[in-house]
Ligand SMILES: Cc1cc2nc3c(=O)[nH]c(=O)nc-3n(C[C@H](O)[C@H](O)[C@H](O)COP(=O)(O)OP(=O)(O)OC[C@H]3O[C@@H](n4cnc5c(N)ncnc54)[C@H](O)[C@@H]3O)c2cc1C
């Protein structure tokens, strides 16, 4: 009998387990793959460092920098290179630089004068939209159609792999809804924050020398004695005083608490026999496939200046890629001297069927994309494809009701907890915060339960349960 079983060794599961182990609880992590980290996979290919999943983490989310420090990772932390000046957006097949500050769109010719005027008038627009408003509806209403289709839509594709009209504002960007409710306009909210000296939520990205996977690696090293990899949980059953967990040929475990830190579809399969409502809600969370094509070139093969973190493409441009990152421009030591690296993102809600094409085809598409936008000439020196059958979970309309169904299941089975990137956004920093908050809820329950040795006295009758 253990205090808690954490299912899933991605950043969410590792962070939740770390919080519990630090407090002296008896914990085990079960991870299906033979390594921890989940979506965070950094691979060295020659002198290149490819990120198959996340490539940076945002320090604008409270707590994540302290986490890096606590785990002894500050010595290998790397910030964005100083010559990273722009985010690019594609218009008419060409890259348009936009400076990353609130006035960036006024100083760039990316938007038409009419689009810029609509943006400037945001402060005068009235509050209030329909409930369950999509991000596109909210932004159309506040900033005008051009800003929504040319800026917000590509941004949403970059963050969620989604379309702006397919995700719910309250679930995806609650801060924007809150700014409108409190200040009447987003411009007014930004000004108010500036005046009061508040920290603007600028995106400050960072990573570590060995790539983003340095973080789960550091956590996994600390948690090593309680991690079991290569073992998939098949079923969870409620038993008196806790849960019985079937891990197939790896046997059965008894835990007083279970933290599910797996992807929504995986969580759905595990709770199907416990709570059909929760399983249905989890199955309903869309996560369209996405592919990452990584290409490395000699710098001399690239015509365009690579002084940005990459580019995003509005849907109206009809391009294959929803966005491209320039990893070797973002952080040091991502490519050998004299070389440049690109991560091309294909798929998501815009083109789920394209993400599943054979890898060789995806490489051809990605090369054609880079010929057009950055003037890449000749064959890449390195090419790798990672296909995610399920990409990022999207907070589609009805997301809050789905999360309510999970809360109900937690209420029905005290000791059952859900965490993961479908709660507070896909960013790893948000996953960590959600996992820590979930672990603290488990702690307060365990404090009422008393030490686990007492629980060992409970006699289990597992017959007929599994
Ligand atoms: C292409 C891509 C790019 C991204 N870019 C960024 C970025 O730049 N910055 C950023 O912050 N975030 C980014 N993200 C999002 C971020 O990577 C994820 O949201 C985050 O890593 C999710 O962590 P998690 O632990 O919740 O889930 P996961 O990482 O998915 O981990 C879940 C784990 O559960 C395991 N599991 C599943 N079923 C079982 C079972 N039955 N038994 C045991 N184990 C099981 C899985 O094997 C997996 O290891 C990106 C994601 C993708 C896919």
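The values are calculated or read from the model by the stated rules, or taken from the named source; none is laboratory data. Predicted model, so just to flag it, every value in this text is computed and none were measured. For neighbour counting, all protein chains shown are included, and Cβ atoms are generated from backbone atoms with ideal geometry for every residue, glycine included.
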Per the filter on region 1-35, residues within 30 Å of residue 294 (Cα to Cα) and more than 7 Å from the ligand (Cβ to nearest atom) are 14, 15, 34, 35
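For region 36-50, how many residues meet the condition of being within 20 Å of the chain's Cα centre (by Cα), more than 12 Å from the ligand (Cβ to nearest atom) and either surrounded by fewer than 23 Cβ atoms within 10 Å (Cβ to Cβ) or not in a strand (DSSP E or B) (or both)?
Going through region 36-50 one residue at a time, the tally reaches 1.
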Name the strands (runs of 3 or more DSSP E) wholly within region 175-259 that hold at least 3 residues that are within 21 Å of residue 419 (Cα to Cα)? 227-229, 235-239, 242-246
Pick from region 179-217 the residues that are at pLDDT below 90 and under 23 Å from the mean Cα position of the chain (by Cα): which of them is nearest to residue 59 (Cα to Cα)? 204
For a quick check of your reading of the model, give me the residue pairs whose first member lies in region 401-424 and is outside the structural domain of residue 440 (by TED's automatic domain parsing), whose second is modelled with pLDDT of 95 or more, with beta-carbon atoms closer than 6 Å and at least 6 apart or on different chains. none
Within region 127-136, is there a residue that is in contact (Cβ under 8 Å) with a residue 12 or more places away in the chain, surrounded by 21 or more Cβ atoms within 10 Å (Cβ to Cβ) and either within 26 Å of residue 355 (Cα to Cα) or away from the ligand (no atom under 16 Å from the Cβ) (or both)? yes
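Let's see how each residue does on (1) in a helix (DSSP H, G or I); (2) in the same structural domain as residue 229 (by TED's automatic domain parsing); (3) touching a residue at least 12 places away in the same chain (Cβ under 8 Å):
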position	(1), (2), (3)
28	no, yes, yes
34	no, yes, yes
62	no, no, yes
75	yes, no, no
88	no, no, yes
Looking at region 153-160, is at least one residue over 28 Å from residue 424 (Cα atoms) and outside any loop (DSSP other than H, G, I, E, B)? no
If I filter region 372-430 down to residues being in a strand (DSSP E or B) and crowded, with 21+ Cβ neighbours inside 10 Å, which single residue comes out as nearest to the ligand (Cβ to nearest atom)? 418
